[in-house]
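The values are calculated or read from the model by the stated rules, or taken from the named source; none is laboratory data. All values derive from a computational prediction rather than experimental measurement. When we count neighbours, we look across all protein chains shown, and the Cβ atoms used for this are built from the backbone with ideal geometry, even at glycine. The accessibility values were calculated without ligands, DNA or RNA, using every heavy atom of the protein model including side chains. Shrake-Rupley method; radii C 1.70, N 1.55, O 1.52, S 1.80 Å.
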Amino acid sequence: TALFANSLDGTISDVLAVGLAHNGGFPVYITSMTHGKYGIIASKDSGIDTVAGLNGKDIGLSLNTVIEFMTDMVIKDSGTDITVNKTAVPKIPSRLELLSNNQISAIAVPEPYVTAAVSSGGTLLKLSTDLGINPGVFIFTKATTESKKKEIKDFYDAYNKAVDYISTHDKSEFMPAVIEEMALPAAANDIELPKYEHAKLPDEATVASGMEWLLSKELIKETFEYKNLVFNYD
């Protein structure tokens with residue numbers, strides 16, 4: 001909402017949101033990929049230990065979002081003909097509570113909540129990274145890409161320095177500050193950080209799969225080409 005109101009120049013988002021924005025007549029552009037993880041976790045007393053075990057079960061998630069997209073991709077990749085009952089639980093803390101109280105069979109969440117759910121006894125069934133799915137992106141508005149190209153480049157210079165710092169320092173030196181700043185659960189200390197890379201655009205296949213999913217759910221009227229969704233600031 002803040003982005004659409006021009007109160008922000010950019011934000012962390014995902015390829016699906018980019019397609020939805022363009023469909024709504026509000027062009028935003030992908031400037032780089034991110035390194036987020038999403039996962040499906042079964043409750044500790046569900047007896048479910050594989051994706052196939054989700055057949056006929058309830059899974060808590062947010063609908064028409066990257067979380068549902070990831071869930072569909074995981075199910076498709078399982079190679080089995082299964083159907084899950086998607087239960088709309090928009091708030092992540094509510095999903096975690098339902099799972100810990102065994103009131104739902106499984107949930108789909110991003111990190112660091114995957115780690116939090118597993119540390120509370122949940123069973124990790126699959127991560128988006130297991131499938132090579134990485135739909136998270138940085139985006140900037142059209143007006144910003146046109147008027148603040150130097151500022152965007154400066155932002156990424158700082159981003160790349162942060163990547164270099166993380167790769168050469170133990171996470172104990174920076175995770176406490178991250179947890180405090182973002183009000184994350186203490187379990188985030190145990191998260192296995194991805195191998196961060198210098199900023200680069202996502203691959204075309206990732207963007208295309210997101211557009212195809214949106215089109216299949218009739219959330220967009222037409223697909224959008226990769227070249228019309230990305231912005232090269234360099």
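Number of residues in the stretch 47-64 that are under 14 Å from I107 (Cα atoms), not β-branched (V, I, T) and not in a loop (DSSP other than H, G, I, E, B) equals 5. For the stretch 105-116, the criterion of being open to solvent by 60 Å² or more (accessible area, probe 1.4 Å) and at pLDDT 95 or above is met by no residue. Name the helices (runs of 4 or more DSSP H) wholly within the stretch 65-153 that hold at least 2 residues that are free of Cβ contacts under 8 Å to residues at least 24 places away in the same chain? Result: 92-100, 142-147.
On the stretch given as the stretch 194-225, residues that are in contact with a helix residue (DSSP H, G or I) (Cβ under 6 Å, 6 or more places away or on another chain) and within 27 Å of L124 (Cα to Cα) total 5.
Inspect the stretch 150-170 for any residue being among the aromatic types (F, W, Y) and in contact with a helix residue (DSSP H, G or I) (Cβ under 8 Å, 6 or more places away or on another chain) and give the result as yes or no.
Checked against the condition, which is being among the aromatic types (F, W, Y) and in contact with a helix residue (DSSP H, G or I) (Cβ under 8 Å, 6 or more places away or on another chain), the stretch 150-170 yields no hits at all.
Could you go through the stretch 37-50 and let me know if any residue there is more than 18 Å from G121 (Cβ to Cβ), at pLDDT 90 or above and within 17 Å of the chain's Cα centre (by Cα). Yes. For the structure I just gave you, tell me whether Y233 is on the phi < 0 side of the Ramachandran plot, outside any helix (DSSP H, G or I), modelled with pLDDT of 90 or more and in contact with a helix residue (DSSP H, G or I) (Cβ under 6 Å, 6 or more places away or on another chain). Criteria not met by Y233. Looking only at residues of the stretch 210-221 that are touching a residue at least 24 places away in the same chain (Cβ under 8 Å) and assigned to a loop (DSSP other than H, G, I, E, B), we find that the one that is surrounded by the fewest Cβ atoms within 10 Å (Cβ to Cβ) is K221. Give the residue that is modelled with the lowest pLDDT, with candidates limited to residues of the stretch 65-91 that are surrounded by fewer than 19 Cβ atoms within 10 Å (Cβ to Cβ) and in contact with a helix residue (DSSP H, G or I) (Cβ under 8 Å, 6 or more places away or on another chain). Among residues in the stretch 65-91 that are surrounded by fewer than 19 Cβ atoms within 10 Å (Cβ to Cβ) and in contact with a helix residue (DSSP H, G or I) (Cβ under 8 Å, 6 or more places away or on another chain), the one modelled with the lowest pLDDT is T80. Can you tell me which residue in the stretch 185-208 is least open to solvent (accessible area, probe 1.4 Å), limited to those that are assigned to a helix (DSSP H, G or I) and under 18 Å from G39 (Cα atoms)? By that ranking, first place goes to A188. Please go through the stretch 154-181 and give me each residue that is in a loop (DSSP other than H, G, I, E, B) and within 23 Å of the chain's Cα centre (by Cα), ordered by number. Hit for the stretch 154-181 is F174, nothing else.
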